[in-house]
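Enquirer: Please see the structure below; I have some questions.
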Amino acid sequence: MLKAGHNMIQKSLLIGLILLASVLMACAQKADLTDPEYVAEAFWSAIQEGNAVQAITFIHPDAREQLGKQLKTDMRNELVPELPEELVFEMFVKGDVAVAKIRNSKGVACDLVKDQGRWWVR
């Protein structure tokens, strides 16, 4: 009896993981990581929603540990800049580097870099 219940829990967890993976894949397919404005908007939107884990996925792997740690600390201590409800960007792109300024904010911006065919926050 106990073994049957354990198997049922394992099956339920497996089904849940499969569904979660499907949803994440669907979201990833909609993401246009070749567009620096999309990446900047996704990054700041995640911060706006208080989702540091999601925001960190847009940070370049070389800077992820340092910037991710700082971002989590800032979010925990409520040091993240105040963001407008609707994000309006002004983009400055030159080759493989870009700056995304949130036009309707008080000087909030992020640097981006294109690496391996996609854009990252740096």
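Enquirer: Do any trypsin sites (Lys or Arg not before Pro) in segment 64-117 lie in a DSSP loop with no more than 11 other beta carbon atoms within 10 Å, and if so, which?
Expert: Passing sites in segment 64-117 are 106.
Enquirer: Using a basic spin-label model with each label point 7 Å from the Cα along Cα→Cβ, how many nm lie between residue 85 and residue 35?
Expert: 2.3
Enquirer: For residue 49, tell me the accessible area in Å² from a 1.4 Å probe, rounded to the nearest 10.
Expert: Approximately 140 Å² of residue 49 is accessible to the 1.4 Å probe.
Enquirer: Given 0.36 nm per residue, what is the gain on full extension from residue 77 to residue 99 after removing their alpha carbon distance, in nm?
Expert: So the chain would gain 5.4 nm between residue 77 and residue 99.
Enquirer: Can you list the aspartates and glutamates whose alpha carbon sits under 18 Å from that of residue 101, skipping same-chain ones fewer than 8 residues off?
Expert: Once the sequence-local aspartates and glutamates are set aside, what remains near residue 101 is 35, 37, 41, 82, 85, 86, 90, 111.
The values are calculated or read from the model by the stated rules, or taken from the named source; none is laboratory data. All of these numbers come straight from a predicted model, not from anything done at the bench. Note: ideal-geometry Cβ built from the backbone for every residue, glycine included; neighbour counts use all protein chains shown. What goes into the accessible areas is simple: the full protein's heavy atoms, side chains included, and nothing from ligands, DNA or RNA. Shrake-Rupley method; radii C 1.70, N 1.55, O 1.52, S 1.80 Å.
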